[in-house]
Amino acid sequence: MKLVCYCFGYSEADLKQNVIKNNGCSTILEKIKASKGEGTCRCHETNPSGK
């Protein structure tokens, strides 16, 4: 399982399923974007690659 977001633990499979479930839109991606915009995203600290 490849994680896309280390803050929330979302994988590529989670994103794909979310897009299918929401008729082509990703609520997960919106949540991640909102977190980044609010400055609460910590992926740069929790992601082993530092991204």
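Rule-based calculations on the coordinates, nothing more; no lab input. The structure displayed is predicted, hence computed values, not measured ones. Backbone-built Cβ (ideal geometry, glycine too); neighbour counts: all protein chains shown.
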Could you list CYS25, CYS5 so that the one with the fewest beta carbons within 10 Å of its beta carbon is first and the one with the most is last? CYS25, CYS5
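If each DSSP helix of 4+ residues adds -39,500 (n - 2.57) and the sum is divided by the residues in the chain, what number results at 222 nm, nearest 500 deg cm²/dmol? Can you show the working numbers first?
Details: 3 runs with 26 residues, N = 51.
That calculation yields -14000 deg cm²/dmol at 222 nm.
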Taking the chain as the reference, fit the longest principal axis to its C-alpha atoms, fit the long axis of helix 12-21 to the helix C-alpha atoms, and give the angle between the two in degrees, 0 to 90, nearest 10. 40 degrees
With P(r) over Cα pairs in 10 Å bins from 0, in percent defined as stated, name the option among (i) 28, 55, 16, 1; (ii) 20, 39, 28, 10, 3; (iii) 27, 51, 21, 1 computed from the structure displayed. (iii)
In degrees between 0 and 90, to the nearest 10, how far off the longest principal axis of the chain does helix 27-38 point, with axes built from Cα atoms? 30 degrees
Explain nothing, just the number: relative contact order of the chain, from Cα pairs under 8 Å at least 6 residues apart, as a whole percent. 31 percent
